[in-house]
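What follows is a single structure, written as structure tokens, with notes after it.
The values are calculated or read from the model by the stated rules, or taken from the named source; none is laboratory data. Note that the structure is predicted; figures quoted are calculated from it, not measured. Reconstructed Cβ throughout: ideal geometry from the backbone, glycine too, with neighbour counts over all protein chains shown. Protein only, heavy atoms only, side chains kept; ligands, DNA and RNA dropped before computing areas. Shrake-Rupley method; radii C 1.70, N 1.55, O 1.52, S 1.80 Å.
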Amino acid sequence: MMIEKQIAALLPQLREKKPLVHNITNEVVTNFTANGLLALGASPVMAYAPEEVADMAKIAGALVLNMGTLTTDMIASMIMAGRSANEHGVPVVFDPVGAGATPFRTEMARRIVEELELAVIRGNAAEIANVVGDAWQIKGVDAGEAGGDIVELARRAAKKLGTVVAITGKTDIVTDGETTYAIHNGDEMLTRITGTGCLLTSVVGAYTAIEKDYVLAATAGVASYGVAAEIARQSVNAPGAYQIALLDALYSVEEDQIAAIARIEQK
Amino acid sequence: MMIEKQIAALLPQLREKKPLVHNITNEVVTNFTANGLLALGASPVMAYAPEEVADMAKIAGALVLNMGTLTTDMIASMIMAGRSANEHGVPVVFDPVGAGATPFRTEMARRIVEELELAVIRGNAAEIANVVGDAWQIKGVDAGEAGGDIVELARRAAKKLGTVVAITGKTDIVTDGETTYAIHNGDEMLTRITGTGCLLTSVVGAYTAIEKDYVLAATAGVASYGVAAEIARQSVNAPGAYQIALLDALYSVEEDQIAAIARIEQK
Amino acid sequence: MMIEKQIAALLPQLREKKPLVHNITNEVVTNFTANGLLALGASPVMAYAPEEVADMAKIAGALVLNMGTLTTDMIASMIMAGRSANEHGVPVVFDPVGAGATPFRTEMARRIVEELELAVIRGNAAEIANVVGDAWQIKGVDAGEAGGDIVELARRAAKKLGTVVAITGKTDIVTDGETTYAIHNGDEMLTRITGTGCLLTSVVGAYTAIEKDYVLAATAGVASYGVAAEIARQSVNAPGAYQIALLDALYSVEEDQIAAIARIEQK
């Protein structure tokens, strides 16, 4: 089966199963993330307290950790939730927001990849490079200038971290170090709204809850999100309206559209 | 006077008085809650620091406590704010988000109902059941399958807790254990946006600031919100646009529309 | 050159330079603030942890401190970030949300103006009055009844605090105690959305990153925001849609429109 059809077929499964996605995420994107997951058909929950994160993570279909507005308390909760997820076979997806922007973020990101077994790590090139110790420029929480071969970076990171890596940018790369896909979807307007990367990470999380081949799950998440981003852009041309249109496209996008619009290239 | 006309007449009073509603709520819904209260005509304030919650609660028209993203610090602030509100005759409305989903949440919800005098508690059936110690399934922070008679549950909870109970779902129930109303308004799309239940709780809070018969206040909050939800649905069919349309409907809804569209049945 | 043309000319510079604006702000408005800054053309980052705020502030073009949902931890982070910004010549813009509403807020606001060197302080009349110790009524976080001469208050505050003061309301005043502008733009609908004042403060922050004459920077921020607010209102008449339209207007507004629509009066 063509990869596009294969990953498109996962969306009806996701909507049927409505997986519970436990997010420990940053306060900037929490509402947008919850609404995006709901629109797609998943069931989001946000829970941070050390007294409950292990209990919540073990009943979830996936755990998503996002360090956008990191504090040491939150890191402790992430580790506790992550260990519980690891013990109970719940996939953990990690978004190292702004790794490289400050020493604290880089250090915390590395602590998470060392202490937890991840299903997928999703970031821009600068973030992934900083997590694995490559030199790469970053400005605030946005990727700096691309300074190298993204496919090579993704493969190296996947092997080093022992997890599926998704690097998103103009072209998105998903790899486990062996099987590699380049996804050519999405829209430039995604860069004019905050949290579109964070939401994508949570969407990938939702797919890992229903597909245990995490290369496939991450590819499905990235491609279906990119297709929704293109559909959303058809009707609008400014970021406020686009934010709403993106949620609506995540809600309305169908398997057939993903199969037809997704452009996935095996590398 | 018909109950629909009676509760509709409260909206112009609310808009005239613009009650200050002090919210200690979860970080997922804080923006949506503030905007919903502003749209309706109330004056929201969010304040959490232990150094100021007692001061803020005592000058408010109502205090709304929501444990969606609970921490122990926040529980301490809620108790301090709640005691200050109780001392100064400010109604306290409580939303036990996700009670039953983890032992921590259940325990914290029970602590709040024990330590504070509540005007209204608003939740779905599973949350209310878990607060009063009934067995009821819950998935994440969403209600599980209805496993019993909601009216009976609401009455039992009201008597046990000594407060007005509002259980929302396909049909909404408001009762103090004696007088009971079933409200048949709302729209299924409310379940596709995060925080619609939380905002409803704050809307009920706004009504308790202007109407001391809390059965009436809660019924007004639930019914006017349900009417706005129906008006919002007339123009849109996807959750992003619906979120905006709901805010706009809360802003534009008029007394006459509530009187005409509200469907309230005394049980 | 006319002041309107002069400040309009700053917008293309802002969009060219895309300054990194480090916000330590309240959880109600964090998403709206980030999206507003992105829409305008700046690059927002939110970072709060004491372990990283000094590192983030020193690489930023401006630091914006907003005490909307203040805690003592956050005040400590604000002071650390502010000192780092002061040391590295990064302008600091402060929004004393709700100063006067509780003793805690007033005290914390005064601590910030004492311990940090500010480029601009932006608030409503009641907030600014409370920061400088004038008696002024405040309700929650909204300005109370205007009880005095706003221009006089702004000048007095600017001299006392040694910073540029921007007081916003029906008419907006920007002054350093010597040069004073009154800006007659904006729209009443701004008062029906939460966080429009907070976003304005961050927009002023973005302008201070590219214009070292802070009277000019603050005037540019206030006037361009007011013009966008008027453009947004042309198409909509309710607060949900207005919130989106405002983001879109910040994205689409051009130098020519600001020069033509801004109404700035030197006092």
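Quick check on C:Ser224: is it within 14 Å of another protein chain (Cβ to nearest Cβ) and either closer than 27 Å to C:Lys159 by Cα or surrounded by fewer than 22 Cβ atoms within 10 Å (Cβ to Cβ) (or both)? It is false that C:Ser224 is within 14 Å of another protein chain (Cβ to nearest Cβ) and either closer than 27 Å to C:Lys159 by Cα or surrounded by fewer than 22 Cβ atoms within 10 Å (Cβ to Cβ) (or both). Report yes if some residue within the range A:179-190 is in contact with a helix residue (DSSP H, G or I) (Cβ under 8 Å, 6 or more places away or on another chain) and closer than 25 Å to A:Leu70 by Cβ; otherwise report no. Scanning the range A:179-190 turns up at least one residue that is in contact with a helix residue (DSSP H, G or I) (Cβ under 8 Å, 6 or more places away or on another chain) and closer than 25 Å to A:Leu70 by Cβ. Among the residues of this structure, C:Leu200 does not count as one that is within 14 Å of chain B (Cβ to nearest Cβ), in contact (Cβ under 8 Å) with a residue 24 or more places away in the chain and at negative phi.
B:Thr163 satisfies every condition listed in (1) open to solvent by 50 Å² or more (accessible area, probe 1.4 Å); (2) within 25 Å of B:Asn26 (Cα to Cα); (3) not aliphatic (A, V, I, L, M) except (1).
Determine which member of the set A:Lys18, A:Lys5 is under 19 Å from A:Ala228 (Cα atoms), within 19 Å of the chain's Cα centre (by Cα) and open to solvent by 10 Å² or more (accessible area, probe 1.4 Å).
Selected residue: A:Lys18, the only one of A:Lys18, A:Lys5 that is under 19 Å from A:Ala228 (Cα atoms), within 19 Å of the chain's Cα centre (by Cα) and open to solvent by 10 Å² or more (accessible area, probe 1.4 Å).
Has the range C:81-100 got at least one residue that is open to solvent by 10 Å² or more (accessible area, probe 1.4 Å), touching a Gly at 6+ places or on another chain (Cβ under 6 Å) and closer than 29 Å to B:Ile24 by Cα? Yes: one or more hits. Residues in the range A:229-250 that are under 20 Å from the mean Cα position of the chain (by Cα), within 11 Å of another protein chain (Cβ to nearest Cβ) and touching a residue at least 12 places away in the same chain (Cβ under 8 Å): A:Ala232, A:Tyr242, A:Gln243, A:Ala245, A:Leu246, A:Leu247, A:Asp248, A:Ala249, A:Leu250.
As a summary of the residue check, B:Ala57 satisfies the conditions (1) under 24 Å from B:Ala217 (Cα atoms); (2) not in a helix (DSSP H, G or I) except for the one numbered (2). Within the range B:227-244, the residues that satisfy the criterion of being over 22 Å from A:Leu40 (Cβ atoms) and open to solvent by less than 10 Å² (accessible area, probe 1.4 Å) are B:Val227, B:Ala228.
Restricting A:Arg111, A:Arg122, A:Arg83, A:Arg105 to residues that are among the basic types (Lys, Arg) and either over 26 Å from A:Val215 (Cβ atoms) or facing another protein chain (nearest Cβ under 9 Å) (or both) narrows the list to A:Arg105.
Residues in the range C:21-51 that are touching a residue at least 24 places away in the same chain (Cβ under 8 Å), farther than 26 Å from A:Ala76 by Cα and among the aliphatic types (A, V, I, L, M) were compared, and the one that is surrounded by the most Cβ atoms within 10 Å (Cβ to Cβ) is C:Val21.
The lone criterion from (1) more than 18 Å from A:Val21 (Cβ to Cβ); (2) within 13 Å of another protein chain (Cβ to nearest Cβ) left unmet by A:Ala209 is number (1). Pairs linking a residue in the range C:163-178 that is closer than 15 Å to C:Gly197 by Cβ to a residue that is among the hydroxyl-bearing types (Ser, Thr, Tyr), with Cβ atoms under 8 Å and 6 or more positions apart or on different chains, are C:Val165/C:Thr175; C:Ile173/C:Thr180; C:Ile173/C:Tyr181; C:Val174/C:Thr180; C:Val174/C:Tyr181; C:Val174/C:Thr219. Scan the range B:73-80 and give yes if some residue there is within 12 Å of chain C (Cβ to nearest Cβ), open to solvent by less than 20 Å² (accessible area, probe 1.4 Å), touching a residue at least 12 places away in the same chain (Cβ under 8 Å) and not basic (Lys, Arg), otherwise no. Looking for residues that are within 12 Å of chain C (Cβ to nearest Cβ), open to solvent by less than 20 Å² (accessible area, probe 1.4 Å), touching a residue at least 12 places away in the same chain (Cβ under 8 Å) and not basic (Lys, Arg), one finds at least one in the range B:73-80, hence yes. If the condition is being open to solvent by less than 10 Å² (accessible area, probe 1.4 Å) and within 7 Å of another protein chain (Cβ to nearest Cβ), then the range C:52-67 contributes C:Glu52, C:Met56. Against the condition of a type in the set (Phe, Trp, Tyr), closer than 25 Å to A:Gly68 by Cβ and at pLDDT 95 or above, how does A:Tyr251 come out, does it pass? Criteria met by A:Tyr251. Scanning the range C:25-54 for residues being in contact with a Pro (Cβ under 8 Å, 6 or more places away or on another chain), under 25 Å from C:Ile258 (Cβ atoms) and not in a helix (DSSP H, G or I) gives a total of 2. Restricting attention to the range B:8-49, the residues that are out of contact with any strand residue (DSSP E or B) (no Cβ under 7 Å at 6 or more places or on another chain), within 18 Å of B:Thr69 (Cβ to Cβ) and facing chain C (nearest Cβ under 7 Å) add up to 3.
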